[in-house]
Amino acid sequence: MVSTALINGGLGFIILVTLLYKMGDIADVLNPASGFSFIPAVNHATGSVPATNAVAAIILVMEVCSAIAILATASRQTFAFARDNALPFSRALAHVNSRTQIPVTSVLVSTIITVLLSLINIGSTAAFNAIASVMIAALFTTYILSISAFVRARLQPGGIPPTRFSLGKLGMPINVFSVAYLCFAIIFTFFPTAADPTPINMNWSILVFGAVVIFAIIQYFVHGSRIYQAPVTQVRKSE
């Protein structure tokens, strides 16, 4: 995993620097006629329309593959939470088809929600951008919660169990620094991107994020706190 990140990150950095040097006028890139900034940048860098179309096709294919992978992850997480009675209608969402061995209901629900969210762009671009931009804040939040859980476990008697991959004595400082950095960085994900914000271009991700957090808290106290048991509790009982 580490070597993959280093190789892809190194190659991506080289491509990024090359594109930035050859993309041409920044105003043309920021205000493209097509709505996609990378198209005029690649076109100016390559000087060829066929080459630009080829690069755009590659990016489109990668986006489709990424969407499929993300959808699979979302449906798998939906199934996992439903299996632990952490969601409404958990019994239906956790059902696994006996023939395909796939949680079909979780896959269908995840797909339908994704399609409905995509349709928002037809009615309001600002609303769709708010939902899309909240992804970074949500990702940072999951990192903060999971790393904080590790910090808390390290401070408890006995610490954490031995693992195949360990940072040793550097683990705790790295975890603490990561949480501190993420708590600082998440603030900027809610900043407006326009110099003169209006209701149209305002970054409404904080509203969407807050609504999801409030719904999750209510869901926990109304439903989850009564029946939800984290998998780790079952592991401790077995031990």
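The values are calculated or read from the model by the stated rules, or taken from the named source; none is laboratory data. Just so it is clear, the model here is predicted, and its values are computed rather than measured. Here the Cβ is made from the backbone with ideal geometry for all residues, glycine too, and neighbour counts use every protein chain on show. Remember, those area values only see protein heavy atoms, side chains included, never the ligands or the DNA or RNA. Shrake-Rupley method; radii C 1.70, N 1.55, O 1.52, S 1.80 Å.
Assorted remarks:
- Comparing Cα centroids, the range 24-90 and the range 167-231 end up 23 angstrom apart.
- Shape of the range 87-204, Cα gyration tensor, a/c cut at 1.5: oblate
- Scanning the chain for DSSP H helices at least 24 Å long along the axis (C-alpha atoms) with a Kyte-Doolittle mean no lower than 1.0 picks out 2-22, 49-83, 104-123, 125-155, 171-188.
- Put simply, when 102-109, 153-160 are sorted by average Cβ atoms within 10 angstrom per residue, most first, you get 102-109, 153-160.
- Calculated accessible area for the range 90-231 comes out at 73 Å² per residue, all protein chains present (probe 1.4 Å; ligands, DNA, RNA ignored).
- Prolate/oblate/rounded label for the range 6-85 (Cα gyration tensor, a/c 1.5): prolate
- Each other residue within a Cβ distance under 11 Å of SER90 adds +1 if Lys or Arg and -1 if Asp or Glu, for a net charge of +1.
- For the chain, the share of accessible area belonging to carbon and sulfur comes to 72 percent (1.4 Å probe, ligands and nucleic acids excluded).
- Anisotropy class assigned to the range 3-157 is prolate, per the alpha carbon gyration tensor with a/c at or over the 1.5 cut-off and a/b larger than b/c.
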